[in-house]
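The values are calculated or read from the model by the stated rules, or taken from the named source; none is laboratory data. This is a predicted model, so every value here is computed, not measured. We place every Cβ from the backbone using ideal geometry, glycine too, and count neighbours over all the protein chains shown. Remember, those area values only see protein heavy atoms, side chains included, never the ligands or the DNA or RNA. Shrake-Rupley method; radii C 1.70, N 1.55, O 1.52, S 1.80 Å.
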Amino acid sequence: MTAALCLAVPTAVAQADEGSPFSYIGQDTPKIAVYPYSYNSQWQPGMDAALANWNATYSPVSLTKKSSSTSTVTAASYSANWYGYYQACGGTCLYIRLNSRTISKDSANQKNYVTSVLVHEYGHALNLGHRDGQSSIMNRQRNRNTMVKPSSSDVTNVIRAFPSWNPS
């Protein structure tokens, strides 16, 4: 059912950008609800930390779990070499996949690695593009074992991506 729904809606996959901090393929709102997920003790803490790390920023971001959401975050073993994969299935719908095969193979700190990958993928959902060469969670070459939070420039760019946000 979910796959058919996704096929009926134009999709976008996170792509590298050309110098802009924005990907323009994210969600229409920084208030994102995902269907509740439940994983083992190796995965759940890192996945929950990713939500908490974005929610702790001074920005319009609000990431929650909601049983009525059609958006999903899934950890599974994929044959591809990526760590995480963001896909929009509409302006308020997303699919994020975490590749347990590559994450488990390459991580020195499983929790941090999972957190870093998921914070990065949420960045795409928040309209952020790749920021290679920058001290940014959106840098594809960052140390995923230690960088687990959005940088100040990531937060600034999310605020810029949603200009109608009023913190008062």
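Worth pointing out:
- Subset of segment 132-168 that is open to solvent by 50 Å² or more (accessible area, probe 1.4 Å) and of a type in the set (D, E, K, R) - its residue that is nearest to residue 101 (Cα to Cα): 140
- Pair list, Cβ < 6 Å and 6+ apart or interchain, from segment 59-87 residues that are touching a residue at least 40 places away in the same chain (Cβ under 8 Å) to residues that are of a type in the set (D, E, K, R): 85/97; 86/121
- Residue match in segment 107-129 (condition: in contact (Cβ under 8 Å) with a residue 24 or more places away in the chain, among the small types (Gly, Ala, Ser) and farther than 20 Å from residue 21 by Cβ): yes
- Selection within segment 73-101 - buried (at least 17 other Cβ atoms within 10 Å of the Cβ) and not aliphatic (A, V, I, L, M): 83, 84, 85, 86, 87, 89, 90, 93, 95, 97, 99, 100
- Residues of segment 122-153 satisfying the condition of being under 12 Å from the mean Cα position of the chain (by Cα) and closer than 17 Å to residue 30 by Cβ: 122, 123, 124, 125, 126, 127, 128, 129, 137, 138, 149, 150
- Meets criteria (surrounded by fewer than 12 Cβ atoms within 10 Å (Cβ to Cβ) and at pLDDT 90 or above) for residue 55: no
- Qualifying positions in segment 26-52 - under 18 Å from residue 156 (Cα atoms), over 12 Å from the mean Cα position of the chain (by Cα) and at pLDDT below 95: 28, 29
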